[in-house]
1. For region 102-220, please list each of the strands (runs of 3 or more DSSP E) lying entirely inside it that holds at least 2 residues being closer than 17 Å to I76 by Cβ and more than 16 Å from ligand 3 (Cβ to nearest atom).
2. Checking the condition away from ligand 1 (no atom under 14 Å from the Cβ) and under 21 Å from P407 (Cα atoms), which residue from E426, E496 passes?
3. Given the structure, is M395 out of contact with any strand residue (DSSP E or B) (no Cβ under 6 Å at 6 or more places or on another chain) and either closer than 22 Å to A283 by Cα or at pLDDT 95 or above (or both)?
4. Check off (1) surrounded by fewer than 20 Cβ atoms within 10 Å (Cβ to Cβ); (2) out of contact with any strand residue (DSSP E or B) (no Cβ under 9 Å at 6 or more places or on another chain); (3) at negative phi; (4) of a type outside the set (D, E, K, R) for G152 and give me the number that stays unchecked.
5. Across region 463-472, what is the total count of residues that are in contact with a Ser or Thr (Cβ under 9 Å, 6 or more places away or on another chain) and either buried (at least 23 other Cβ atoms within 10 Å of the Cβ) or not in a strand (DSSP E or B) (or both)?
6. Go through region 480-508 and count every residue that is more than 22 Å from the chain's Cα centre (by Cα) and not in a strand (DSSP E or B).
7. Have a look at A400, A349 and point out the one that is outside the structural domain of A243 (by TED's automatic domain parsing), touching a Leu at 6+ places or on another chain (Cβ under 8 Å) and buried (at least 16 other Cβ atoms within 10 Å of the Cβ).
Amino acid sequence: MKLNRRHFLVLSATGTGGALLAHWAIGRKPSLSSATIPPPIYTSSNGLLELNLTASHTTVRVGDRSAHLLSYNGQIPAPRLEAKPGDTVRIHFTNQLPHPTNLHYHGLHVSPTGNADNPFISVASNEQLTYEFTIPDSHPAGTFWYHPHHHGHVAEQIFGGLAGLFIVRGALDEIPEVKAAQEQFLVLQDFDLDANGQINPPHPMALMMGREGSLITVNGQVNPTFSIAAGGLLRLRLLNASAARFYRLALDNHPFYLIATDGGAIGTPIESTELLLAPGERAEVLIKGDRPPKPYRLLNLPYNRGGMMGGMMGGMMGQRGSRMGDRMGGRMHPHQNFQAPAPSSQPLATLIYQGSIPTLPLPEKLIEVESLPAPDRTRQIELSMTMGTGMGMSMGNGMAFLFNGKPFDLQRVDASVKLGTTEEWELVNLDPDRMDHPFHLHVNSFQVISRNGQPESDRAWKDTVLVKGGETVRIRVPFRDFIGKTVYHCHILDHEDLGMMGIVEVQA
Ligand code: C2O
Ligand code: CU
Ligand code: CU
């Protein structure tokens, strides 16, 4: 197992470095972990990233309370892993959960077969498995992540806290202006805890929109503070690791510059004031320390993602309002235990100014995003859901989320693709409740070509794309380097568990 030097020093400075090291090395469940000690990071050296990783029940401090969550190596979020193109990754994984699980490396362009990024692996309770794969030399630098992917348990396990960053360092990190920036990672997770700090079982109605919790955390903390030097640059690397919650982010009166999306760098920085991150999505932004040196709140603005509850909230917020009337006048009743999303902005973190340095410039150019060849073939994938019989408010059983009218079937290949070809997939959201669905494809990143027939102006690599209620989104995917079966699915993970997943097989 690897700890970088900084962590070694931090751990040693606590006076129990040796004990902690031994403790992490065997991956045992820690007692209450304190948010004030930065958690270990695992970095590759000499071409190898090797570590022990254990999924288990864990008690941690979240804000001012203790929470009984699921963790990797006792950490919420999970330890950050860092590797480089060409590295071998070897993870000795132990499942101490009561249910089967596995590991998925979201966004990595690595093999989906064997003990690599294989979503069909099942690691039973109390079993171990060593994952091993190689990151191609040509792999882009970017903000990727890892999480469980055992069909039927994905929402529950990610909502328990199982998620961590997987950083690939490369060309983007070497751009001088980017390199000069301070780096800060923000992992966004939400939890739904009862008075004893146990995770509430989801209300059946919550499954429809996907489970959300009112306790929103950034790096496992409530409203943490991060700092920027006046004149400096801060590089924020954001991950939405929530099971279903969307984040519409804004920094109070403080613009920022988008430099990377899911799959890595974009061509040039884009000035923005808002950033919408659907579950599974990542973004990197640069913040310039050029504003008055006061605190700035990182806000989560209201967002209506459609569906019955979304429609109801939308009505309150005056967005997509017509549906609210329909729903409220119809079958909708206020339901006990069900927490509707907050209709106002919530502060997630605070940016403060600290110190001052000679002004750092923004990069003018980042990394050109290649333009993809015309597609060899086109497919259409319809996104929808069905309530079965019984309607009313009794959901759960009859509810299924579908691609092309069918729920996930492990025995069926939905898309058979030839290695080395490029395909264009037309994603058509036919959800009867006009609910948003973030579409995600494993192993191969894609580019968004158009939305509702409007060409997308900026090229960017994505692996998760939001397809809003009623929208049609065209994506272009080059299937490169790897054969084998993998999956595409909705990243609202309750939808995935309830059927919104398909199998793609790439053949030589
Ligand atoms: Cu975030 Cu199938 O993955
Ligand atoms: Cu994924
Ligand atoms: Cu969905």
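1. Details: elements: 104-106, 128-134, 142-147, 164-168, 182-191, 215-218.
Hits in region 102-220: 142-147, 164-168, 182-191, 215-218.
2. Working: E496 fails: away from ligand 1 (no atom under 14 Å from the Cβ).
After ruling out the rest, the residue left standing is E426.
3. On the way: out of contact with any strand residue (DSSP E or B) (no Cβ under 6 Å at 6 or more places or on another chain): yes; either closer than 22 Å to A283 by Cα or at pLDDT 95 or above (or both): no.
No, not satisfied.
4. In the conditions (1) surrounded by fewer than 20 Cβ atoms within 10 Å (Cβ to Cβ); (2) out of contact with any strand residue (DSSP E or B) (no Cβ under 9 Å at 6 or more places or on another chain); (3) at negative phi; (4) of a type outside the set (D, E, K, R), G152 misses (3) alone.
5. So the answer is 1.
6. Residues flagged as more than 22 Å from the chain's Cα centre (by Cα) and not in a strand (DSSP E or B) within region 480-508 amount to 5.
7. Numbers: A349 fails: outside the structural domain of A243 (by TED's automatic domain parsing).
Testing whether each residue is outside the structural domain of A243 (by TED's automatic domain parsing), touching a Leu at 6+ places or on another chain (Cβ under 8 Å) and buried (at least 16 other Cβ atoms within 10 Å of the Cβ) leaves just A400.
One line per residue, one yes/no per condition, for (1) touching a helix residue (DSSP H, G or I) at 6+ places or on another chain (Cβ under 9 Å); (2) under 24 Å from I492 (Cα atoms); (3) of a type in the set (D, E):
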position: P363; (1), (2), (3): yes, no, no
position: E370; (1), (2), (3): no, no, yes
position: P373; (1), (2), (3): no, no, no
position: E382; (1), (2), (3): no, yes, yes
position: K406; (1), (2), (3): no, yes, no
position: T421; (1), (2), (3): no, no, no
position: F446; (1), (2), (3): no, yes, no
position: D458; (1), (2), (3): no, no, yes
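The values are calculated or read from the model by the stated rules, or taken from the named source; none is laboratory data. The shown structure was predicted, so the numbers you read here are calculated from the model rather than taken from an experiment. Reconstructed Cβ throughout: ideal geometry from the backbone, glycine too, with neighbour counts over all protein chains shown.
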